[in-house]
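Take a look at the structure below.
Every read-out reported here was derived from the displayed coordinates using simple, explicitly stated rules and does not represent laboratory data. Fair warning: this is a prediction, and the values are worked out from it, not measured in the lab. Methodologically, a virtual Cβ is constructed for each residue, glycine included, from the backbone with ideal geometry; neighbour enumeration extends over all protein chains shown.
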Amino acid sequence: MVVWPPEGEVLNKDVDMSLGLEFSDQKNILVTISISRDDNWTPEINCVVLTDFLPSEQMDSWLNGWMKLSLGGTFQLQNFDFSDDSRFIHLIGKSITDIKLASIGGDPFGVKLNIDSDHLMVVPISDGATVVTSRFGDRSAIEGFEYLGQIIYKDVN
């Protein structure tokens, strides 16, 4: 996970986080799936040089420290390694079966990666993006879009 410092956020579910994927054939590259900071709607996929990661079990204390402004230093992105996390272990090392863009009658707002019997989905929230799987994230982020209309998933070719 690539996490933005939670400036002014009160709840963990409101923290801006993007999905970072490392593929076995590109060991020094992190593919990130996020939401555009320009319009807070459009999905973006980027490749960046792999940097240092903190273990996933440090994410909650890191978020709480930033939210309470008890951590010193400058605000910067923080990467967390979820490859050994119980909420993601069933997805690690598996193949992505398909990639879909989620939309409601127009421009795409999210990206869904189907992996075996689960998925990774990145959708916008008020200040950025969030990541949702069957075992991680807040499902209400997706349900909020369902109130706007039927979500249509289109294959990415």
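Before moving on, here are some points about what is shown:
- Within a Gaussian network of the chain (alpha carbon springs, distance under 10 Å), most fluctuating of Thr32, Thr97, Thr133: Thr97
- When the chymotrypsin sites (Phe, Trp or Tyr not before Pro) in segment 70-157 are filtered for DSSP coil states and for at most 14 other beta-carbon atoms within 10 Å of their beta-carbon, the remaining sites are Phe75, Tyr147.
- The chain - mean residue ellipticity at 222 nm from DSSP helices (-39,500 (n - 2.57) per run, n ≥ 4, rounded to 500): -2500 deg cm²/dmol
- Segment 75-157 shape via C-alpha gyration tensor axes, a/c threshold 1.5: oblate
- The GluC sites (Glu not before Pro) of segment 7-55 that meet both conditions, a loop assignment by DSSP and at most 12 other Cβ atoms within 10 Å of the site Cβ, are Glu7.
- Percentage of interatomic Cα-Cα distances in the chain larger than 21 Å: 45 percent
- For segment 1-56: rounded, prolate or oblate by the Cα gyration tensor [a/c cutoff 1.5]: oblate
- The trypsin sites (Lys or Arg not before Pro) of segment 109-150 that DSSP puts in a loop, and whose beta carbon has at most 16 other beta carbons within 10 Å, are Arg135, Arg139.
- Two-site FRET efficiency, Gln26 against Lys94, from Cβ-Cβ distance with R₀ of 22 Å, rounded to 0.05: 0.85
- Size descriptor, Kirkwood hydrodynamic radius, that averages inverse alpha-carbon separations across segment 39-127, Å: 15.7 Å
- Net charge over other residues, Cβ less than 15 angstrom from the Cβ of Ala141 (K, R count +1; D, E count -1): -3
- Counting charges near Asp38 (Lys, Arg +1; Asp, Glu -1) among other residues having Cβ under 15 Å from its Cβ returns a value of -4.
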